[in-house]
Amino acid sequence: MDFALTDEQQMIRDTARDFAERELVPNAPKWDQNREFPKEAIGKLAELGFLGMMVDPQWDGGGMDSVSYALAIEEISRGCASTGVIMSVNNSLVCDPLERFGTDEQKEKFLKPLASGQKLGSYCLTEPMAGSDAGATKTTAVRDGDDWIVNGVKIFVTNGAYADTFVVYASTDPAQKTRGISAFVIEMERDGVSVGTREKTMGIRGSCTSEIIFENVRIPDSHKLGEENKGFKVAMITLNGGRIGIAAQALGIAQAAFERSIEYAKTRQQFDQPIANFQAIQFKLADMATKIDAARLLTLEAAHLKDRGEDYSMAAAKAKLMASRVSVEVADDAIQIHGGYGYVEEYHVERHFRDAKITELYEGTSEIQRIVIGRGVTK
Amino acid sequence: MNLTFNDEERMVIELARDFAENELAPIAESIDQEKRVPIEALRKMQELGLLGLMIPEEYGGAGVRTSCYAQVIEELARVCAAVAIVLSVHNSVGAYPILRFGSEEQKQKYMPKLAGDWIGAFCLSEAASGSDASALELKAKRDGDDYVLDGSKLWVTNGSIANLYLVMAKTADVPDKPHRGISAFLVEKDTPGLIVGKLEDKMGLRGSDTAEIQFDGCRVPASALVSEEGVGFKIAMQALDNGRIGVGSQAVGIARGALEEAIKYAKERVAFGRPIAEHQAVQFKLADMETEISAARNLVRRAAWLKDSDQPHGKEAAMAKLYASEMAHRVVHQAVQIHGGAGYIKEYPVERYYRDQRITEIYEGTSEMQRIVIGRAVIAE
């Protein structure tokens, strides 16, 4: 039993923290208020090798392990949760399935520029009538000679308007529901691809969540990712890894809210002493710290299992379920500790609170995580 | 990072699991109802080397790492929380302080015995001194080459079965810094003046004894003093850091036992035409229980690992104990709820788990004390 991080893991965490302090912390409020996509910061993340962290160096990735990835996402999200999810989506939801299921040709063509950060990727699964129930996908891909013609509307696409490459899930055999879904790689520049509404989200406002419309988009068969009608499996395996990323993002948000709370509690004077002296505040801080540690250990455990090549789906679901809840609870407590100041933008914790909520919703709601875990323990 | 046990540790854990299944499962219910310490099971544990688990091999113990020890406690508590606390107290607050602070002579004298057929106990709490440990009043007065102990201790686990008591006593009045006047003494059972008083009639953990221990002109040689005068409070606090890992493991074990019972029941019990395990209302409870158990176990293991690698772990042990005990509260509560009326009767073990769990939030530092420890630490960081 050994919880120690390797030198490399510590170095990656420190690098991410330094970067976040320097580039993200000062800008995150502005990006949030203006709903501004942090394009420049993403470019710098690419230079650090953080956009394809776990991809084999053969495909221009960083060759790092999942533990390092979780540590980095947490630190980046501690600085800016929007940047955290942009990074998580590119790594977990785009690079990972391309490396896992792609042909060498696809890796050469699509994975390399995504892993090196020359291009930005995104993941198109959710539709207006298909959220948790991915089997209800209405987007279709129909064969036409050697090509496929894709039609449909995807929503809640992170990085939407700023993405160059999409992994798109479409029904290739609608009668078979989940067994009739296939995954495809589609470029933004392809004819028939357009960006629809950009959502006005409550939080992670620096990231861009858009509708992506596919209208008679023609792609060659070489863009099919994995086997025909096996796309649901691609999506599910991809989301397992994604949950580690979102759990880490949730932790980063919680950690930021927690650190701000300590700082505030030590400086804010009431009844002639810092409010940190009062048990009412101290006990909240103790609970926040304990919950964050509990969630962090679950997240690292899931990443560690993934690195060891063991089944980590239950562990990732537990990590995501717990870390997202902890994030919301800690951010809520942080506002309470700040009192009225917690309710104004200047003190940041209201942003953390808004940012935290999405972690309970995307890449599998908490309810979906409970289904995964509940089925796991009762099987 | 490597969150696995080595082969030797796996063998010890398996031994504990088998012992729990074969020897404790059949008696767990009866010792609870009869309020009986299962001394025969404890003797078997001594023979198997399970009781002196953390005592180094040079003294005849198994010398396992804390992380392995924690898992053994979990395995025992999963079946019988009462026996798990005997083990935890014996190792964490009985043997460990002697190892950490005792003289070579004290170690040579007592360690082989504690690895053999002796049982240890820890005497800190008093009628007017619980969480506020430095307010203790039991006095140890120097008299020539001896100390004479006078006073009374409460809530002593293993009180009536122990052979050796680690007793915190006041050797000096230090105004404003009362903890600096506290010293630790090793007192053997047969010492004249050591009297086992009232045995408490508890809600849970009824298979473990909790006694009042009186010291009435109890004379011990100066060689019974552990470390120096005035170091007792530090010894007690470090013992409790260690004990918190044990109690955290115990709480994880109780919760896991309750979850397993709940899963079994939910798969058998049919309502509205299908097993209740298939209803999301029940399945989601099980999912939350499973998640929180895993989280608590990781916190316990992290604290154990820090201790094993000689790193500070006061805050982390407090987190493990706080989270695990409160987690166990929620989990056993839901386990009873899943059982419905059946959970309220003694035929189903969750009724016992429910009662057993409750003490984990109280002893070896209440949840409130853990929050003080953690709160102070995070503010100071």
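General observations
- Stretching the chain fully between B:ARG10 and B:GLU347 yields a gain of 118.1 nm (0.36 nm per residue, less the alpha carbon separation).
- Here the simple spin-label model places points 7 Å from the Cα toward Cβ, and for B:GLU40 and A:LEU361 these points are separated by 6.2 nm.
- Point-to-point label distance, B:ASN22-B:ALA380, nm (Cα→Cβ direction, 7 Å offset): 4.7 nm
- For region A:52-57, the Karplus equation 6.51 cos²θ - 1.76 cosθ + 1.60, evaluated at θ = phi - 60°, returns couplings of x, 4, 9, 6, 4, x Hz by residue, with Gly and Pro reported as x.
- Solvent-accessible surface of chain B, averaged per residue with a 1.4 angstrom probe and all protein chains in place: 39 square angstrom.
- Computed with a 1.4 angstrom probe on protein heavy atoms, the B-A interface buries about 3800 square angstrom of accessible area in total.
- With every protein chain in place, chain B: carbon and sulfur % of accessible area (1.4 Å): 49 percent
- Too-long pairs where the Cα-Cα distance tops 19 Å, listed order kept, from A:LYS138/A:LYS177; A:LYS44/A:LYS154; B:LYS202/B:LYS315: A:LYS44/A:LYS154; B:LYS202/B:LYS315
- A protection proxy built from the mean count of other Cβ atoms within 10 Å ranks the segments B:352-364, B:314-326, A:47-59, most packed first, as B:314-326, B:352-364, A:47-59.
- Of the DSSP H helices in chain B, those whose Cα atoms cover at least 15 Å axially and whose Kyte score averages -0.5 or more: B:66-79, B:232-268, B:280-308, B:314-339, B:367-380
- Contact with the other protein chains removes 50 Å² or more of accessible area, compared with the isolated chain and a 1.4 Å probe, from these residues of region B:336-381: B:ARG371, B:VAL378, B:ILE379.
- Mean separation of Cα contacts under 8 Å, 6 or more apart, over the residue count of region A:140-217: relative contact order %: 39 percent
- Taking a ≥ b ≥ c as the square roots of the eigenvalues of the Cα gyration tensor, region B:120-230 is oblate, since a/c reaches 1.5 or more and a/b is not larger than b/c.
- Listed peptides B:65-74, A:36-45, A:347-356, B:47-56 by packing density, highest first (mean Cβ within 10 Å): B:65-74, A:347-356, B:47-56, A:36-45
- Residue by residue along A:367-378, Cβ atoms of other protein chains within 10 Å of the local Cβ number 6 on average.
- Normalising the average separation of contacting C-alpha pairs (under 8 angstrom, six or more residues apart) by the number of residues puts the relative contact order of chain A at 16 percent.
- Excluding same-chain neighbours fewer than eight residues apart, the aspartates and glutamates reachable from B:LYS346 by a Cα-Cα span under 15 Å are B:GLU29, B:ASP32, B:GLU34, B:GLU261, B:ASP356.
- Modelled FRET efficiency - R0 56 Å, B:ASN2 with A:MET129, Cβ distances, 0.05 increments: 0.80
- Computed over neighbours whose Cβ is under 12 Å from that of B:GLU364, the net charge equals 0, Lys and Arg +1, Asp and Glu -1.
- Legend: calculated FRET efficiency, B:ASP143 to B:LYS198, from the Cβ-Cβ distance at R0 = 45 Å, rounded to 0.05, equals 0.95.
- Normalised by 2.2 N^0.38 Å, with N the number of residues, the alpha-carbon radius of gyration of the protein assembly as shown equals 1.06.
- Label-to-label distance, nm, for residues given as A:THR6 and A:ASP221 (7 Å Cα→Cβ offset): 4.1 nm
- A compact globular protein would have a Cα radius of gyration near 2.2 N^0.38 Å; the ratio found for chain A is 0.98.
- Computing FRET efficiency as 1/(1 + (r/R0)^6) for A:GLU105 and A:GLN33, where r is the C-beta to C-beta distance and R0 is 45 Å, gives about 0.55.
- Mean projected area (nm²) of the alpha-carbon convex hull when chain B is viewed from all directions: 19.3 nm²
- 10 Å Cβ neighbours from other chains, averaged over peptide B:281-289: 6
- Shielding by partners for peptide B:146-154, expressed as the average number of C-beta atoms from other protein chains within 10 Å of each residue's C-beta, is 0.
- Structural descriptor for region A:233-378: relative contact order 33 percent, calculated from alpha carbon pairs under 8 angstrom and at least 6 residues apart.
- Choice from A:ASP65, A:ASP164, A:ASP133 with maximal GNM fluctuation in chain A (Cα, 10 Å cutoff): A:ASP133
- The listed peptides A:362-371, B:77-86, B:298-307, ordered by packing as a protection proxy, come out as B:77-86, B:298-307, A:362-371 (highest mean of other Cβ atoms within 10 Å first).
- Over region A:100-190 - Rg/Rh using Cα atoms and the Kirkwood inverse-distance radius: 0.97
The values are calculated or read from the model by the stated rules, or taken from the named source; none is laboratory data. Bear in mind that the values here come from a model prediction, so they are computed numbers and not experimental data. When we count neighbours, we look across all protein chains shown, and the Cβ atoms used for this are built from the backbone with ideal geometry, even at glycine. Side chains included, ligands, DNA and RNA excluded: accessible areas come from the protein's heavy atoms. Shrake-Rupley method; radii C 1.70, N 1.55, O 1.52, S 1.80 Å.
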